[in-house]
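K.L.:
Below is a structure I'd like to ask you about.
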Amino acid sequence: MTMTSIPISVQGYKKLEEELARLKSERPIIIQAIKEAREEGDLRENAGYDAARERQGMAEARIKYIESRLALYQVIDLDKLRGDKVVFGATVDVEDVDSGEARTYTILGPDEADPAKGSISFLSPVGQALLGREEGDEVTVDIPRGRVTYEVTGIRFQGSAVLK
């Protein structure tokens, strides 16, 4: 599935730009660590060298990933969103129709969603099911623990406050 643009909040975009700058600034430090470890001699049993090389590989992979994504992002100011449908940036209250359990999800992009903080990606099964829905709508979603039906009980836009 190719995407022409990926929505991201202004804050999420800035965070990735900062991470990219930090990773690039660490390059000389990692290269120096590799150089020093190499000077210690036998590379076959040099844990410091292996660790530095691994760190370099991970940093370079992350730099490439962020750089490849930056061009795809459609930066959205969460403070300007309004409406009565579930869209990117909306905070949605749902109730499990069977158990009555209430949940709240904020719909964000895949690079800034944090389920531990109550935000999910619009690409996730629940995110996909909720997009475009209105209060009172029911959605059925296959999640890891089985099939669940949620009723949308509220939609609000909290702006950038949801990222704090």
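K.L.:
What is the mean projected area of the alpha carbon convex hull for the range 79-158, to one decimal in square nanometres?
P.N.:
So the Cα hull casts an average projection of 5.0 nm².
K.L.:
Per residue of the range 17-30, what does 6.51 cos²θ - 1.76 cosθ + 1.60 with θ = phi - 60° give for ³J(HN,Hα)? Whole Hz please, x for Gly and Pro, Karplus curve as stated.
P.N.:
4, 5, 4, 4, 4, 5, 4, 5, 6, 7, 3, x, 5, 5
K.L.:
If you take every DSSP beta bridge whose two residues both sit in the chain, what share of them, in percent to the nearest 5, is antiparallel?
P.N.:
Antiparallel bridges make up about 70 percent of those DSSP assigns within the chain.
K.L.:
Name the trypsin sites (Lys or Arg not before Pro) in the range 116-145 that are in a loop by DSSP and that have at most 15 other C-beta atoms within 10 Å, would you?
P.N.:
In loop regions of the range 116-145 (DSSP not H, G, I, E or B), the sparsely surrounded trypsin sites (Lys or Arg not before Pro) are ARG145.
K.L.:
Lys/Arg Cβ at +1, Asp/Glu Cβ at -1, dipole of the range 6-76 taken about the Cα centre: which of TYR65, VAL10, GLY48 is farthest positive-ward?
P.N.:
Value computed over the given set: VAL10.
K.L.:
Further, regarding this structure: In whole percent, how big is the carbon plus sulfur part of the accessible area of the range 6-76, probe 1.4 Å, protein atoms only?
P.N.:
For the range 6-76, the apolar C and S fraction of the accessible surface comes to 54 percent.
K.L.:
Okay, next question. If you take every DSSP beta bridge whose two residues both sit in the range 64-134, what share of them, in percent to the nearest 5, is antiparallel?
P.N.:
Looking only at bridges with both residues in the range 64-134, the antiparallel portion is about 65 percent.
K.L.:
By how many nm would the segment from GLU45 to ILE29 grow when fully extended, if each residue of separation counts as 0.36 nm and the alpha-carbon distance is taken off?
P.N.:
Length gained, GLU45 through ILE29: 3.6 nm.
K.L.:
Kindly state, to the nearest 0.05, the FRET efficiency for SER5 paired with ASP77, given R0 = 22 Å and r defined as their beta-carbon distance.
P.N.:
Working from the Cβ atoms, E equals 0.90.
The values are calculated or read from the model by the stated rules, or taken from the named source; none is laboratory data. Every value quoted in this text rests on a predicted model; they were computed, and no experiment measured them. Cβ atoms come from the backbone with ideal geometry, glycine included; neighbour counts cover every protein chain shown. Protein only, heavy atoms only, side chains kept; ligands, DNA and RNA dropped before computing areas. Shrake-Rupley method; radii C 1.70, N 1.55, O 1.52, S 1.80 Å.
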